[in-house]
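Accompanying notes for the structure given below.
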Amino acid sequence: MAKQTRDAEFTEFVAARAPWLRKVAYLLCGDWHRADDLVQESVTKLYVRWSRLSRLENLDGYARTVLVNTFLAEQRSPWGRWAARRRTGAVPEPAAAGTDLDLSVDLRRALAALPPRQRATVVLRHYCDLTVEQTAAALGCSTGNVKSQTSRGLDALRRSFDQQDRRDRTEHTRLTARTDLPELRDLRPAVPVEGAAK
């Protein structure tokens, strides 16, 4: 009976946290299919240790740490490096109503371009709203490392958006400065319209 109770508690925890874990995993890896794999692998690790974990005070934090460590371990493996080189920018899922789709896609693309540890640090600090100390504990590093990784990651995101903004302005200037567009007077009809002012 104890195993059934344990399994029921685990199932309830996973059902409640899976969507949140999936969003964090997506922000880490930038691919919904890989995010599902990361969540599945993390949930499996949690299940193996569940009898000890169910007594933890911050089970959500532990689950998040397992997820981040699973992602980082994958990035260090030969498979992770091969998959990262092969990735070609997946089509994002439709955005929720009221969101800026272009900005969302740009942010995802910029986030995906960050190195794995910077990406993990930025996601933990700014999506999961962890403190510097909590992020350091989740990543197993010093608070100074978290601060420097966060700073570098945010600088890279800013540069990415600045470059995109410059490209957009250049494209707008190019389109509005075209000389082959007809002038308004060239659009007047060749034959005068009856009753039109001359």
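Numbers for the structure displayed
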quantity: Scope region 130-152; condition surrounded by fewer than 18 Cβ atoms within 10 Å (Cβ to Cβ) and within 15 Å of residue 63 (Cα to Cα); matching residues; calculated: 137, 140
quantity: Pick from region 1-17, criterion in contact (Cβ under 8 Å) with a residue 40 or more places away in the chain and within 13 Å of residue 53 (Cα to Cα), ranking: surrounded by the most Cβ atoms within 10 Å (Cβ to Cβ); calculated: 13
quantity: Considering residues of region 30-62 that are in contact (Cβ under 8 Å) with a residue 24 or more places away in the chain and of a type in the set (Ser, Thr, Tyr) only, the residue nearest to residue 9 (Cα to Cα); calculated: 54
quantity: Filter result for residue 22 (farther than 17 Å from residue 73 by Cβ, more than 13 Å from the chain's Cα centre (by Cα) and open to solvent by 40 Å² or more (accessible area, probe 1.4 Å)); calculated: no
quantity: Condition met for residue 65 (more than 30 Å from residue 10 (Cβ to Cβ), at pLDDT 85 or above and in contact with a helix residue (DSSP H, G or I) (Cβ under 6 Å, 6 or more places away or on another chain)); calculated: no
quantity: Candidate set from region 27-43 (those that are over 17 Å from residue 69 (Cβ atoms) and assigned to a helix (DSSP H, G or I)); member that is nearest to the chain's Cα centre (by Cα); calculated: 32
quantity: Failed condition for residue 103, given (1) of a type outside the set (D, E, K, R); (2) under 18 Å from the mean Cα position of the chain (by Cα); (3) at pLDDT 75 or above; calculated: (3)
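The values are calculated or read from the model by the stated rules, or taken from the named source; none is laboratory data. Given the structure is predicted, the values throughout are model-derived calculations rather than measurements. No Cβ is skipped: glycine too gets one built from the backbone with ideal geometry, and neighbour counts run over all protein chains shown. For the accessible areas, the whole protein counts, side chains as well, though only heavy atoms, and no ligand, DNA or RNA atoms are used. Shrake-Rupley method; radii C 1.70, N 1.55, O 1.52, S 1.80 Å.
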